[in-house]
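Everything below concerns the one structure shown next.
The values are calculated or read from the model by the stated rules, or taken from the named source; none is laboratory data. Quick caveat: nothing in here was measured; it's all calculated off a predicted structure. A quick note on method: Cβ atoms are made from the backbone with ideal geometry, for glycine too, and the neighbour counts reach across all protein chains shown. Accessible surface areas use protein heavy atoms only, side chains included; no ligands, DNA or RNA. Shrake-Rupley method; radii C 1.70, N 1.55, O 1.52, S 1.80 Å.
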Amino acid sequence: MEQALQQLRQDAEARVAAARDAAALRQVEIEYLGRGDGKLTVLLAGLPGLPLEQRKSAGQLANEVKAAIITRLNERRATFGQAESDLDVTQPGIAPQVGHRHLVTQAIDEITAIFERIGFQRSRHSEVDWEHYAFAALNMPADHPARDEWETFFVDAEPHSKLGRRVLTPHTSNGQVREMEQRRLPIRMVNIGKCYRRQIDVSHVPMFYQFEGLVVDEGITMAHLVGTLDYFAKAFFGPDRKIRIRPYHFQFTEPSIEIDINCAVCGGRGQLADGKICRLCKQGWLELGGAGMVHPNVLKAGKVDPKKYSGFAFGWGVERCFLMKSGLQIPDIRMLYENDLRFLQQF
Amino acid sequence: MTDGKIEHEVVCGAPNIEVGQIVPFAPLGATLRDMKTGGSWTLTAAKIRGVESRGMLCATDELGVGDDHSGIWVLPSGTPLGAALEKVYPADDVIFHVEVTGNRPDCMSVFGTAREAAAVVPKAKLQQQKVVPPKMQGTEVPLTVKVAESRLCPRYQAVVIDGVRVGPSPLWLQQRLISAGNRPINNVVDITNYIRLEYGNPLHVFDYRALAGNAIVVRRAKAGEKLTALDEKTYPLAVTDLVIADAKKPVAIAGVMGGQDSAATAATTTIVYEVANFDPVAVRKTSRRLALLSESSLLFEKGLPPQATDAALRRALELTLQICGGHIVSPVYDVKRPLPRPKTVPFDPVQITRTLGVTVARAAAKTMLQRLGFVVAGAKTWRVTPPWWRSDVLAAHDVVEEVSRLYGYHRLPAQLPAGRIPVRQPDILLGLQTRIRDWLIGQGFTEIQSYSLVSGKLLELIGLPTAVALRVANPLSAEFEYLRPTLSASLLSVAGQNIKRFARQRLFELANIYHPKSGGLPDELPMLALAMTDRTDDFFAAKGVVEMMLLQLGVRGLRFVPDAAGINEFWQPRAQISVGSTTIGRLGPVTPQVLERFGIRQPLILCGLDLTALVPLAHPVLEYRQIPSFPVSEQDLAAVLDAKISWQQFRSAIVGIHPLVRQVTFLSAYRDAKLPPGKKSIACRIEFRADDRTLSSGEVDGILGKVKEKLQQQFAATIR
Ligand SMILES: [Zn+2]
C-alpha cells in the first residue's frame, strides 16, 4: 500500500510538471484527486481491509501524498497567471454588514476635532435648565424683549423662586455661566448639545444642535475671536473660503458680531457664470452665526472678575453649518430626524 | 367708470370703493402682476355676477408698486383722469432694506439711519430739515390732557387742528408709504405713518369730536373695559393695560393701536394728534397678551427716548397744514416727567486696545465718538456722554463697541488665543459614547437620531403613562408634547416606519432620557438603546453584540440574570444585565402585541443600557497576559441533566475544580424526545493547560474524571 502511494505521488508530480495550461492541470487534478474515481480515492478504497497498524500509517501517508499533490498543483497553477484561472472576479464580493453614522454625528465629530486641534475641549451642559442660566445670567433679565427672539419651550412645572422656570434650552449659551461657575480658569470649551425652539419648517426643526465656543482668559481680545472663527471657517469649509464680519447685537456679548462666509456655489459673487442670481446665497454671502466678546455682566454672573479676565463666545447651528458645507442639497432639514433608513444608509 | 373720454363697465368687489374716487384702471389687454406666482398675466373680459367686466380697478400689489391687497388704491383728487399712471406716479425709486438690530431703535427711521450713516460714512454730513414751530391760530377749543400713569407714559404731547380736509394723500406721500410697505389710508392717517417712518416716533390721530368730554386721560384700563381697534377686532382689556381714554371710555390701547370709534375718517374736520412716549415693557406686555402687534408697538417696545416726540409733532403740524389745510386751535399740550439725562460714562481709552487687540489712536477714537454725537471730555481718562437718542449706551464696554464698529471689524487681525491651553480630564461619558458608537457601526448598526420631544400617544403605545414624563407647557403640537422618559418608543417607531422596506434592521441611538425631579431640574440620563429585528428570533445574536461590546469596553464580571420581574405588557426581558450588584441594562424581546402597534410582525430584540451606570465599569484596561509556551489539551464533554440547571451553574461547577482547567466553552444545549422528560443535554469544551510543562494524557484524564464525578454528584448528571 505504502509503495503504491509513493508511486502515485511520483506519477502525479510528473504529470503536473508536464501540464502546459490550466485546463491540462485541471485534468490531472480530476484524474488523481477526483472524488468518485480519482486514482487516490480508488487506492484508498482498499484501506479498511488492512490490519489496524498498517491502516493507521497508510492513512497518514495518504494525507501527506494528497497535500503534496495539491501543493504542486497550486504552484504550477500560479505560473499560468490569473487570466487562465476559472475564478470569475466580476462576481460580487460577500458584503459585510455596514454600519452608518448619523449625519449630525458626523458633523459633531468633525467640529469637535477642529476645535480640539486648537486646545478646545468638549464639554456638556444641561438641556433642560433654569431660566436663570438660559436668560438672566446672560444679561437678559425678566421681561427683556430679547427673550422673545428665542421661541422657547417651558416645562410644565412650578417655577423655582429664584431661578425661574425650567426651559428647554433654546441655545447652548446656558453652558457659559455653568462652565464659569466650575471655577476652572482659563476656559477653552466647545459645548455641543441639543437645543429646542418652537419652530418647524423646511429649514427649522424643534430640536437641533448648537456648538458653543467659550474662551475666558487674561488678555483675550476680539482679534482672537476673529482668528478662531477664521481658523474654523477655513478648517471646516475649506482653506480658500473667506469670512465677513458684520456688527450685530446680542445681550450677552459686547461687542457683538455676525459672521458670513462667502458662497461656494457662486464664489461670493451672488451671480452664476450664466448671469443668473445665485439661488443659494442671493448676494454672495451666507450667514454662519453670531459671536462676540463675553459681556461683563455675564462674566460677573459666572463669578469671574471682568477687570482681570475677558473672553469671547459664539454659538452656531450644527445642522446649518453642515448643510452649508456639504453641498448635499438636502431639500428639507427635517429629513435629518425622520430616520428613514433609505436616507441614513446613504451616508 | 370713466377715463375722462370713454365710459367703461367694470365690476369691482373691493370694500373701499366709493363714488367720486380716482383710481388706477387697467383696460382689457393690460399686463398685471400675478400675486401668487410673481409672474404676470393679461387681462381679458370676464363675466362677474352675470355682468361683463371690461377692465379692472387695481390695488397697489397688482400694479407691482406695493404689497397691499386690502383695497383699491385711491389716488388724490387732483390726479388727471386718463393719464398714464407712470406719468403721475414716480415709480423709479431706489429702496434700501436696512436690518436694524433690536438695541438701536434710534436707527429705525429714515432720519435715524441717515444720522448713523453720517457718522459711519467718511466725510458724510447730516442735513437736518428745518421745521418751523407751529403757532396757534383761531379760537381755542377745549381739551384736557391728563396723565394718570406717568411712569408708564413719561411724555404725552397733543394738539388740536380744525378745518382739515380728510381725503387721499398726494401721490408723493402715497408713493413713499407704499415703498416702505405701508398702505395709504387718508391724508391725516398717512401723515402719522409717514412721520413714524421719518422720525421713528409713532403718532396717533383722533377725531376730536369723538372724544367725550373733550378729554384725554392716560390711565390703566378698568375691569371689564373693551375696545374695538382699527383692525375692527374687539379686545378685552386687563387692568394692567395702559389706555388712552376720554371722559368715559378707552379710545386707544396706548402705543399699540387706536380705537375704531375715534378714528379720523372722511367726515372728520377736527383732529387731535398724539405724539407720546410709553413704557416699553407695558406696551410689550399688552401687545403680547392681546396678540396685537403694530408698527407702533414694535417701536415702543424697543424703548424710545421721550425727547423724540418734539420734532415729530412739529413735522406733523407742518405737513398737515400743507396737505390737509386747517389751523391749529389749541396750545401744544406737553405732559411730561423730567426728561432723562444721558449717563456720563467714565472711560479709559486703553479699554479699546484691551478689547480689540489692536491699537486705535486716541484722537481717531475720539473723532469717531464725536461723529456719533457723543460728548467726550477729559484728557487721560475720558468722560463720555452719549447723545439722548442713545439710551443703549450705559457703560464702558458699550463705548468700546461704538469705536470698534466705526474702526471696522474687517480691519482686525486674525490671531489665535495665545494663552495656556487648559488641560482637563476628558469627559468620560463622551468618550464612552464615541467608543460605543464606533463599535456598533463597525458591527453594521445604523445610528438614528430622533426628537427628544414625543407625543403622549407614542408613550401610550408602549404602555407608559404620560405622568412619568415631563410635559412641555407650550408644545408646538401634540406630536412634541413630552420629554421622552425612554428611548425605546422612538426606536420602535423608527423600526416600524422602515419595516416594510427593511426586514432586517440593526439600529441604535445614543441620547438622554428625562426623568422629572420634584423641585429641581430633571435628571438627564444618557442611555444607549439598540434594536435588532429579523424574520427569526435574534436573542442570542443581540446578546452576543451586547456581550462583546461590553467586553471590548473593558467591562469585567458581566452577568446576564434572568429577569422575571421585568415582564410586562410591553416586553418580556429575558435578562437583566449586571455587573456585581449594579444593573446596567436589560435585554429581551418586545411582546408581539406591542410590536403590532408599530406595524412590526416579526421578532424584535431591544436592549437598553444606562450609560451613567456603565461609565465607572467601562475601563479600557490594557493588560498583557503571557502567551502560553505549552500546548492546550482540549476535551469535549456532554452531560444530560435537569433542564432547570443553567449554563452558568453548569460552567461554574467545572471552572473551579482544578487550576489547570483554563477555559470552559459552550458547545450546545438541547432538549428533545429522546432525552428523559425534564432533562436536557449540555455539551462543552474544556481546555487544560499548564504554564510550565506539556500535560500528560494521564493528568488530563484524572481531572476530567473529577469533573464528571462532580457533575454526577452535584446535578445527578449522566455523562455521555
Ligand atoms: Zn452664491
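Is it true that residue B:688 is aromatic (Phe, Trp, Tyr), open to solvent by less than 50 Å² (accessible area, probe 1.4 Å), more than 60 Å from the chain's Cα centre (by Cα) and closer than 14 Å to residue B:655 by Cβ? When the stated conditions are applied, residue B:688 passes them.
Can we say residue B:464 is more than 8 Å from every other protein chain (Cβ to nearest Cβ), assigned to a helix (DSSP H, G or I) and more than 20 Å from residue A:344 (Cβ to Cβ)? No: the conditions fail for residue B:464. Residues that are within 23 Å of residue A:87 (Cβ to Cβ) and open to solvent by 70 Å² or more (accessible area, probe 1.4 Å): does the range A:50-62 have at least one? No, the conditions are met nowhere in the range A:50-62. Here residue A:245 fulfils each of the conditions (1) under 18 Å from residue A:318 (Cβ atoms); (2) open to solvent by 10 Å² or more (accessible area, probe 1.4 Å); (3) of a type in the set (Val, Ile, Thr) apart from (1). Would you point out the residue of the range A:266-297, among those that are open to solvent by 60 Å² or more (accessible area, probe 1.4 Å) and more than 12 Å from the ligand (Cβ to nearest atom), that is nearest to residue A:216 (Cα to Cα)? Once the filter is applied, the top-ranked residue is A:297. Restricted to the range A:21-128, the set of helices (runs of 4 or more DSSP H) holding at least 1 residues that are within 14 Å of another protein chain (Cβ to nearest Cβ) comprises A:103-116.
Any residue in the range A:323-338 that is out of contact with any helix residue (DSSP H, G or I) (no Cβ under 7 Å at 6 or more places or on another chain), in the same structural domain as residue A:239 (by TED's automatic domain parsing) and buried (at least 21 other Cβ atoms within 10 Å of the Cβ)? Checking the range A:323-338: not a single residue is out of contact with any helix residue (DSSP H, G or I) (no Cβ under 7 Å at 6 or more places or on another chain), in the same structural domain as residue A:239 (by TED's automatic domain parsing) and buried (at least 21 other Cβ atoms within 10 Å of the Cβ).
Identify, from the list A:315, A:302, A:290, the residue that is more than 10 Å from chain B (Cβ to nearest Cβ), free of Cβ contacts under 8 Å to residues at least 60 places away in the same chain and of a type outside the set (Asp, Glu). After applying the criteria, what remains is A:290. Residues that are acidic (Asp, Glu), open to solvent by 10 Å² or more (accessible area, probe 1.4 Å) and out of contact with any strand residue (DSSP E or B) (no Cβ under 7 Å at 6 or more places or on another chain): does the range A:225-237 have at least one? The answer is no, given that none of the residues of the range A:225-237 is acidic (Asp, Glu), open to solvent by 10 Å² or more (accessible area, probe 1.4 Å) and out of contact with any strand residue (DSSP E or B) (no Cβ under 7 Å at 6 or more places or on another chain).
Would you please name the residue that is nearest to residue A:121 (Cα to Cα), looking only at residues in the range B:402-429 that are at the interface with chain A (Cβ under 9 Å from one of its Cβ atoms), open to solvent by 30 Å² or more (accessible area, probe 1.4 Å) and in contact with a helix residue (DSSP H, G or I) (Cβ under 6 Å, 6 or more places away or on another chain)? The selected residue is B:416.
There is at least one residue in the range A:249-262 that is within 16 Å of the ligand (Cβ to nearest atom) and out of contact with any helix residue (DSSP H, G or I) (no Cβ under 6 Å at 6 or more places or on another chain).
Filtering the range B:390-401 to residues that are surrounded by 21 or more Cβ atoms within 10 Å (Cβ to Cβ) and more than 9 Å from every other protein chain (Cβ to nearest Cβ) leaves B:393, B:399.
Apart from one condition, residue B:244 fits all of (1) in contact with a helix residue (DSSP H, G or I) (Cβ under 7 Å, 6 or more places away or on another chain); (2) not in a loop (DSSP other than H, G, I, E, B); the exception is (1).
Kindly indicate whether residue A:212 is touching a residue at least 24 places away in the same chain (Cβ under 8 Å), part of a strand (DSSP E or B) and in the same structural domain as residue A:332 (by TED's automatic domain parsing).
Yes.
Of the numbered criteria (1) touching a residue at least 40 places away in the same chain (Cβ under 8 Å); (2) within 19 Å of the chain's Cα centre (by Cα); (3) away from the ligand (no atom under 16 Å from the Cβ), the one residue A:325 fails is (3).
In the range A:176-198 there is at least one residue matching the filter, namely being open to solvent by 50 Å² or more (accessible area, probe 1.4 Å), modelled with pLDDT of 90 or more and more than 10 Å from chain B (Cβ to nearest Cβ). Of the residues examined, residue A:131 is not one that is surrounded by fewer than 21 Cβ atoms within 10 Å (Cβ to Cβ) and either without any contact (Cβ under 8 Å) to a residue 24 or more places away in the chain or away from chain B (no Cβ under 11 Å) (or both). When the test is whether a residue is of a type in the set (Gly, Ala, Ser) and in a loop (DSSP other than H, G, I, E, B), residue B:213 does not pass it.
Given B:212, B:221, B:245, B:238, which one is hydrophobic (A, V, I, L, M, F, W, C), touching a residue at least 40 places away in the same chain (Cβ under 8 Å) and open to solvent by less than 40 Å² (accessible area, probe 1.4 Å)? Let's see the steps before the verdict.
Working: B:212 fails: touching a residue at least 40 places away in the same chain (Cβ under 8 Å); B:221 fails: touching a residue at least 40 places away in the same chain (Cβ under 8 Å); B:245 fails: touching a residue at least 40 places away in the same chain (Cβ under 8 Å).
Answer to the selection: B:238.
The criterion of being within 16 Å of the ligand (Cβ to nearest atom) and either among the β-branched types (Val, Ile, Thr) or more than 23 Å from residue A:221 (Cβ to Cβ) (or both) does not hold for residue A:341.
Restricting attention to the range B:248-265 and to residues that are of a type in the set (A, V, I, L, M) and in a strand (DSSP E or B), the residue that is most open to solvent (accessible area, probe 1.4 Å) turns out to be B:257.
Across the range B:430-458, the qualifying residues are those that are at the interface with chain A (Cβ under 8 Å from one of its Cβ atoms) and of a type in the set (Gly, Ala, Ser), and the one among them that is surrounded by the most Cβ atoms within 10 Å (Cβ to Cβ) is B:452.
For the range B:298-326, the candidate set comprises residues that are open to solvent by less than 40 Å² (accessible area, probe 1.4 Å), farther than 23 Å from residue B:146 by Cβ and within 14 Å of chain A (Cβ to nearest Cβ); within that set, the residue that is modelled with the highest pLDDT is B:299.
Matching residues to (1) in contact with a Gly (Cβ under 7 Å, 6 or more places away or on another chain); (2) away from chain A (no Cβ under 14 Å); (3) not in a strand (DSSP E or B):
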| site | (1), (2), (3) |
| --- | --- |
| B:509 | no, no, no |
| B:514 | no, no, no |
| B:521 | no, no, yes |
| B:524 | no, no, no |
| B:530 | no, no, no |
| B:537 | no, yes, yes |
| B:554 | no, yes, yes |
| B:587 | no, yes, no |
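With a requirement of 2 or more residues that are within 30 Å of residue B:151 (Cβ to Cβ) and β-branched (Val, Ile, Thr), the strands (runs of 3 or more DSSP E) lying completely within the range B:327-430 that satisfy it span B:382-385.
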